[in-house]
1. Over the Cα atoms of the chain, compute the convex hull volume and normalise it per residue, giving Å³.
2. Report, as a whole number in µm² per second, the diffusion coefficient that Stokes-Einstein gives for the stretch 298-417 at 37 °C and 0.692 mPa s using the Kirkwood radius over alpha carbon pairs.
3. Over 27 Å between C-alpha atoms is what I'm after, so list which of LYS216/LYS297; LYS58/LYS293; LYS216/LYS251; LYS207/LYS293; LYS329/LYS414; LYS120/LYS307 land there.
4. Taking trypsin sites (Lys or Arg not before Pro) as candidate sites, keep only those in a DSSP loop with at most 10 other Cβ atoms within 10 Å, then name the longest stretch of the chain containing none of them.
5. Roughly what would the spin-label model give for ASN205 and ASN155, points 7 Å off Cα along C-beta, in nm?
6. I'd like the distance separating the alpha-carbon centroids of the stretch 276-334 and the stretch 44-80, in whole Å.
7. Pull out the extension gain between ASP318 and GLU144, defined as 0.36 nm times the separation in residues minus the alpha carbon to alpha carbon distance; nm, one decimal.
8. What are the ³J(HN,Hα) values, in whole Hz, obtained from phi via the Karplus relation 6.51 cos²θ - 1.76 cosθ + 1.60 with θ = phi - 60°, for each residue of the stretch 404-417 in sequence order, with x given for Gly and Pro?
Amino acid sequence: MEKTIITSFFTTINKDIFLRYISSMTYRLPFLRTWKEISKLEQNILEYISPFNHKNKKIISFYNARSALYHSLKMFDIKYGDEVIVQAYTCISVVNAILQTWAIPVYVDIEEWSLNINPKLLERKITSKTKAIILQHTFWNPREIEEILKIAKQNNIYILEDCAHSIWAEYKWVKLGNFWDMAIFSFWRDKVISSVNWWFMIINNSKFFDKIPEIKKELKLAPINLVLKNLVYIKISFFAKLTYDFFSFWKVLMFVSRKLKIIPEVLFASEKACADKTFFYAYPNSLAYIWLKEFSKIDFYNEHRIKLANFYRENLSDFQWVENNSQNKNIYLRCTYFFKYSDELMAFMKANWVLLGDWYRQVIAPKNVNYEKALYKNWSCLVAEKLASMTVNLPNHIDITENEAKKVVDLIWKFYFEV
Ligand SMILES: Cc1ncc(COP(=O)(O)O)c(C=O)c1O
């Protein structure tokens, strides 16, 4: 087998955006940290997500995830001692935002077929202190959400849709993010499209509109060094990609850049220990410029993912993956499968130059999160724990060709039936 590395290392910023980026005026923009274009961009996205009803909605942009999540919960007036329901098989940023409001995260197990919160178990966790449910559409996949809405209405609880994985996905032909009081979306570096960072919140319930100026006032301009780090990340990750096949040079490059602090951290150790304070920054303008360039390629990216997902599904039909609902539009942010002996499989693939993705191989991702501080009790969400231990993401990013996907499939079959 030829030694070309196939990696699940995921950044949507590819060669094309890099070339356009260096030839653009972005170099001159990092110092402009606010820009009237951002409001234009916000308007565009609102119209895209909600073409017929955008006038009745509002949007706020943030630099990072926890700011968006934290401020959404604050809008619900969540405070010390309140409870917020969240599914197990989630990300530490979600939990940290809850903890930062001084509320208690209450974990509910997931359904095996949808990877989303199990409504039957959810009902049992509701108490007089429950103020909100975070409804996460895991990987891309919305479940039958009417059931959860009914429970929330009956109990007078707010719903925050976490669409971090699922921008452009649809449930019953309606784009996600339109269903509940508020929704948050991500354009972080490993999401559907990327502007290195950027989160936004859509406010569907007019009851909260009055609170918007207060939040905007609280958001500071991102410091110049942070903006520059984001721009440098685009260059470094591009060169890292070019050196995938050159021993492990790309790993060294990313490692050294991180150590030298010239690119933004993925997650600080303090975040994994639930001991970090969120910084509340507005979205900087030079990243908005990148986003506009990437946005023009969104359909191309999604079609590529869908094509690869269909290929994997056809050729790995004996293995377990997330069930599809034919009424949904799935955009397959990750091609996640659940394999027995997943550690051994990953090692075997690595030995054959295929790096499988490890996103959500923990009940609270990523690795080394302090569960005690996150108030998660081991064995409390058994489906999530079982699936996390079996989770593997197959390479499906924009640089993966069909031939490479075929190589991945052949190796998986070889592992299970020959090794
Ligand atoms: C469901 C969910 N919400 C929020 C986040 C935090 O997002 P970000 O990676 O943009 O900080 C993640 C992380 O991937 C996530 O999986």
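Coordinate-derived values only; no laboratory data. Here the structure is a predicted model, which means the values were calculated and not measured. No Cβ is skipped: glycine too gets one built from the backbone with ideal geometry, and neighbour counts run over all protein chains shown.
1. Values: hull volume 57.1 nm³, N = 419.
Dividing the Cα hull volume of the chain by its residues yields 136 Å³.
2. 212
3. Result: LYS216/LYS297; LYS216/LYS251; LYS207/LYS293; LYS329/LYS414; LYS120/LYS307 exceed 27 Å.
4. Working: sites that count: LYS3, LYS261, LYS277, LYS367, LYS377.
Result for the longest clean stretch: 4-260.
5. 1.4
6. 20
7. Values: separation 174, 0.36 × 174 = 62.64 nm, distance 2.51 nm.
So the chain would gain 60.1 nm between ASP318 and GLU144.
8. Values per residue, Gly and Pro as x: 5, 4, 5, 4, 4, 4, 4, 5, 5, 4, 4, 4, 7, 10 Hz.
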